[in-house]
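Since the structure comes first, as structure tokens, the remarks are kept for the end.
Any read-out appearing in this document is the output of simple, stated calculations on the displayed coordinates, not a laboratory observation. None of the values given here were measured: they were computed from a predicted structure. Please note: Cβ atoms are built from the backbone with ideal geometry, for glycine as well, and neighbour counts cover all protein chains shown.
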Amino acid sequence: MAELAAHLAASRREADIPHLPRNAGTDRTPSKQALLDEIARSGADW
């Protein structure tokens, strides 16, 4: 996994992508949305 992470980081640097964009969440299941809502209610930032 460390080797893969290093490869991905190098690829992002070469492509000038400082970070990966977050998923827009338009395809979430109701259970996943409920989990994220509970995380948000607890004050955490997901």
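Pick the calculated volume of the Cα convex hull per residue in Å³ for this structure from (i) 122; (ii) 40; (iii) 50? Correct label is (i).
Rounded to the nearest 20, the size of the Cβ-charge dipole of the chain about its Cα centre is 80 debye, with Lys and Arg at +1 and Asp and Glu at -1. Roughly what angle does helix 30-41 make with the longest principal axis of the chain, taking Cα atoms, 0 to 90 degrees, to the nearest 10? With rounding to tens, the tilt is 90 degrees. Principal-axis analysis of the Cα atoms of the chain puts helix 2-14 at an angle of about 80° to the longest axis. A straight chain from Glu14 to Leu36 at 0.36 nm per residue would run longer than the Cα-Cα distance by 4.6 nm.
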